[in-house]
Every structure is written in structure tokens, then in C-alpha cells.
1. Within a 10 angstrom radius of the beta carbon, how do 12, 47, 109 rank from fewest other beta carbons to most?
2. Determine, for each peptide in 124-133, 23-32, the mean count of other beta carbons within 10 angstrom over its residues, then list the peptides with the highest first.
3. Identify which of 204, 80, 189 has the largest mean-square fluctuation in a Gaussian network model of the chain, with springs joining Cα atoms closer than 10 Å.
4. Among 194, 149, 58, which one moves the most in a GNM of the chain with springs linking Cα atoms closer than 10 Å?
5. Determine, for 10, 202, the number of other Cβ atoms within 10 Å of each Cβ, and report the residues in order from fewest to most.
6. State the antiparallel share, in %, of DSSP beta bridges confined to the chain, rounding to the nearest 5.
7. For semi-axes √(5λ) of the Cα gyration tensor in Å, the listed values are [x] 24, 20, 19; [y] 37, 20, 17; [z] 28, 21, 18; which was obtained by calculation from the structure presented?
8. How many angstrom lie between the Cα centre of segment 100-128 and the Cα centre of segment 172-203?
């Protein structure tokens, strides 16, 4: 068994790790959810990861995302690529561009599983509609104030943008992000390993995780 994934392998089994290593996964967005999710999946045995994002690291990202102060100014996908290689020896695919109706086909081509972590309705809608049209499995991870969710495309409704004014100034607790990443990661693994699509809702104040119908 690969020593890199020793504990995960003991828990899930050798065959599970082999299966996880073969699945191409595209993560859309490298912000709070996306950056931490890519790191988490890489450490759990997924080795065919790609990520799309066109943003650079800013100082206010440090408290809620994977990045460090020394990364400020760099493109997020470039930082993630280096991080995943150093952490787990993985060469992730990166798309340093904005996902639009004209780029979505190229960006999502070849993916077996798509994870949407975008923070705006326009991008989420593009991902949602593309995956519906091409019958791609797609999990949407999102947060708002005290609430987080992990919903598969079949049960998903694209929310309206709720942030007014400066889009960077909104309440966001790191612990909610970590809860959402953990729940989302488990939903991804259960789909890959068991072909189960499980939806979850999360609230931070009461530390509640509710499972919905898949």
C-alpha cells in the first residue's frame, strides 16, 4: 500500500485507493472551498485533479483559503499546482482562465466528475447547464453566512448572488469552510466508490449536518 495514503488506505481499502487514483476530477474555482478541497482530495488519494480559476491571491484570502502571505499576487492555480506537487507528488491540471460559455467545453472536456465551488451565479449556471447537457456528474459546494451545502446537479437550483457592494466583504467563518470541505470530500468519495449521490446541508452555529435525498 502507498505509504503516502497509509491511514486512508487502511480505512477505505487498497482497491478504493486504486479506484480514486484513476478518476479525472475537475474543480471549478480555487477560492475558499476550491483551494482547500483540492488539497484535501489530493491527500485522500485522488491523483487526476484539475482546477480552473483566473484569480490572483490577495491578502484577504489568507484567512479563509489554502494560500500563504508569500503567495499574494500569484495566480491561484499556479500556487495550487506547486502545492499539490510538494504535498503529494501530484501534477494537477490547471486552467488559468475564466469559465464562460465559450471556454466551458474546453475546460471540462475529459472530466468524469465536476465539482463547482464558484462564488457567483453566472459561473455556477454555466457549469450546471453544461453538466446537464453532457450528462456529467456534478457536485455543487456553496456557502452563505451560517449555511453550507453539497448538492448534486439533479437536486440543485442555482442561487442568486446575495453580496452587495464590495464582493470581498461578507461574513465567512473558516470553520464553516472546513466543514463544507469535509462534507463535500466525503460526498465525492462516496460517489466514486459506491456510486451514491448524497446531498448535505450544513449550519455552523448548531454544528448540524443534515443529509438530504440523493
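Readers should treat all values here as calculations from the given coordinates under stated rules, not as data from a laboratory. Computed from a predicted model, the values in this text were never measured in an experiment. Every residue, glycine among them, receives a Cβ derived from its backbone with ideal geometry; neighbour counts consider all protein chains shown.
1. 109, 12, 47
2. Per-residue mean Cβ counts within 10 Å order the peptides as 23-32, 124-133.
3. 204
4. Its mean-square fluctuation being the largest, the pick is 194.
5. Details: 10 10, 202 20.
In order of increasing Cβ crowding within 10 Å: 10, 202.
6. Antiparallel bridges: around 50 percent, rounded to the nearest 5.
7. Matching the structure shown: [x].
8. 19 Å
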